[in-house]
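In what follows, a single structure is set out as structure tokens and then discussed.
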Amino acid sequence: MPKTYCAAPDLAPLLDGSTAGELIPELARYGLQQLIELEVAAVLGADRHERTEERLGYRNGYRPRSLTTQVGDIDLLIPKLRAGSFLPSILEPRRRVEQALYGVIMEAYICGVSTRKVDALVAALGSQSGISKSQVSRICQEIDQQVQAFLSRPLQESGYAYVYLDATYLKGRLGKALQVCSRAVVVAMGVNADGRRELLGLKVGDSETEGFWSEFIASLKERGLTGVKLVISDAHVGLTKAIRRQLQGCVWQRCRVHFARNLLQRVPKAHQGMVTAALRSVFAQEDAGEILSRWDDLAASLAERFPKATELMNEAREDVLAFRHFPQPHWKKVWSTNLLERVNEEIKRRTRVVGIFPNDASITRLVGAVLLEQHEHWQLEGRRMFSAESMAAIPELEDLPALLSAAAAEVQDAGPR
């Protein structure tokens, strides 16, 4: 049986007048070292100097290893074996996102970013020793291979009825002068035939132009994106034009949250609370006909005092209310880009420590690692966003034009209100 070791005599001096900054790292080191000794004893079937018939091997000294923790860098001793190798489970390679983050930070050294700033970033992660350039090269290579495999994987043949498109912006260096520029990071999320979410891809570029979005959507189609019936996004001009060009036949849902912001810009601040409450009442209805009626009533009530707001409501009516052509249980999750916005918030949280990226490749590496981690979490979680029965109730592509035509006729029959 492996013997237990009492560290009390060694730690006792630290309890007399030591600060928490000295005591806590030492406690962590003793605890981790003891776990390592117990683990290697279990692997060998015997403790140090112990004679037993169950022994499977022998030790051969130690090798030093530094472990970065939340209390700083801790120096540990890893037992070496005469035959084979031993790596404690507590020293398993870091998670993908942490590896990618280290790769981005250390690449900043190589690209000439201020070493003082990078040192501060490394210290903020709890590491004073940092990592070597060879480690950076290995980490970057491994992460890039995993991220590129994820971003270039074939998409499901069963198709994605719902596709969410959105963009966020990060700071990056560009050109020979390494000038700091705003970089657009666009992300696509889809809901497959089983009602499960998938992150489909990302792309980094200068801005959200029609050409940039068209290239991104075309790359998704080349990988097998099919069966799209509803695209949810904001009303960015370049994006909407790309959707019409690349995803013909599908319905476009204008994000109700972004629309509300646009609407309130046409209403004086003193009346924005009233308009916001009235707009929420429109989406609180559970019947498509009642939603249309409430929308038109609100537009008419604003016509006299806020004609620009009414004009916007009339123009955006069908786009903001496109969700009503789809199963009612889906409405709350398809009438806005909130589901994808949460992913973008996680991207912002994980990239905030970097601040300014050294190049576009480093943005793709870290953001791709975040998306891969989130995608795998959804797959392991196994939870459906929509039931299979409700997914089967989504109208077929050939039926959508008829639904839209009927809606347009309904608008004309209603006339001005």
* Asked: Mind checking which residues of the range 277-313 are of a type in the set (S, T, N, Q) and under 27 Å from Pro327 (Cβ atoms)?
  -> Ser281, Gln285, Ser293
* Going through the range 282-299 one residue at a time, which ones are open to solvent by 40 Å² or more (accessible area, probe 1.4 Å) and in contact (Cβ under 8 Å) with a residue 12 or more places away in the chain? -> Glu286, Arg294, Asp297
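Yes/no matrix, rows are residues, columns are (1) modelled with pLDDT of 80 or more; (2) open to solvent by less than 70 Å² (accessible area, probe 1.4 Å); (3) not β-branched (Val, Ile, Thr):
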site	(1), (2), (3)
Arg59	yes, yes, yes
Pro64	yes, no, yes
Gln70	no, no, yes
Ile78	yes, yes, no
Arg82	yes, no, yes
Leu91	no, yes, yes
Leu101	no, yes, yes
* Any idea which of Ser233, Ser219, Ser301 is touching a helix residue (DSSP H, G or I) at 6+ places or on another chain (Cβ under 7 Å) and of a type in the set (S, T, N, Q)? -> Ser233
* Of the conditions (1) assigned to a helix (DSSP H, G or I); (2) in contact with a Leu (Cβ under 8 Å, 6 or more places away or on another chain), Gly249 clears all except one; give me its number. => (1)
* Asked: Restricting attention to the range 252-267, and to residues there that are in a loop (DSSP other than H, G, I, E, B) and open to solvent by 20 Å² or more (accessible area, probe 1.4 Å), which single residue is nearest to Met313 (Cα to Cα)?
  -> Arg266
* Asked: Just checking, how many residues over the range 22-49 are over 18 Å from Leu76 (Cα atoms), open to solvent by less than 80 Å² (accessible area, probe 1.4 Å) and modelled with pLDDT under 80?
  -> 0
* **Extreme residue, nearest to Tyr164 (Cα to Cα), among residues of the range 333-380 that are of a type in the set (Ser, Thr, Tyr) and not in a helix (DSSP H, G or I)** => Thr337
* **Single match in Ala270, Ala242, Ala278 (criterion: outside any strand (DSSP E or B), farther than 22 Å from Asn314 by Cβ, free of Cβ contacts under 8 Å to residues at least 40 places away in the same chain and open to solvent by less than 50 Å² (accessible area, probe 1.4 Å))** => Ala242
* **Hits in the range 211-235 - residues which are without any contact (Cβ under 8 Å) to a residue 40 or more places away in the chain and either under 16 Å from Thr168 (Cα atoms) or in a strand (DSSP E or B) (or both)** => Phe212, Phe216
* Return yes when Ser362 is surrounded by fewer than 20 Cβ atoms within 10 Å (Cβ to Cβ) and among the hydroxyl-bearing types (Ser, Thr, Tyr) and no when it is not. => no
* Structure fact -> The correct count of residues that are under 26 Å from Ile356 (Cβ atoms) and open to solvent by less than 60 Å² (accessible area, probe 1.4 Å) in the range 145-164 is 3
* Structure fact -> Apart from one, (1) closer than 30 Å to Phe216 by Cβ; (2) open to solvent by 50 Å² or more (accessible area, probe 1.4 Å) all hold for Arg324; the odd one out is (2)
* To do: Quick one: in the range 166-189, of everything that is of a type outside the set (A, V, I, L, M) and open to solvent by 20 Å² or more (accessible area, probe 1.4 Å), which residue is nearest to Val354 (Cα to Cα)?
  => Lys171
* Considering only the range 189-209, state which residues are among the small types (Gly, Ala, Ser) and in a strand (DSSP E or B). => Gly190, Gly201, Gly205
* Asked: Can you find even one residue in the range 227-234 that is surrounded by fewer than 17 Cβ atoms within 10 Å (Cβ to Cβ) and charged (D, E, K, R)?
  -> no
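The values are calculated or read from the model by the stated rules, or taken from the named source; none is laboratory data. Please read all numbers here as calculations on a predicted model, not as lab measurements. In this analysis, Cβ positions are derived from the backbone assuming ideal geometry, glycine residues included, and neighbour counts consider all displayed protein chains. When the accessible area is computed, the model is the full protein with side chains, heavy atoms only, and any ligands, DNA or RNA have been set aside. Shrake-Rupley method; radii C 1.70, N 1.55, O 1.52, S 1.80 Å.
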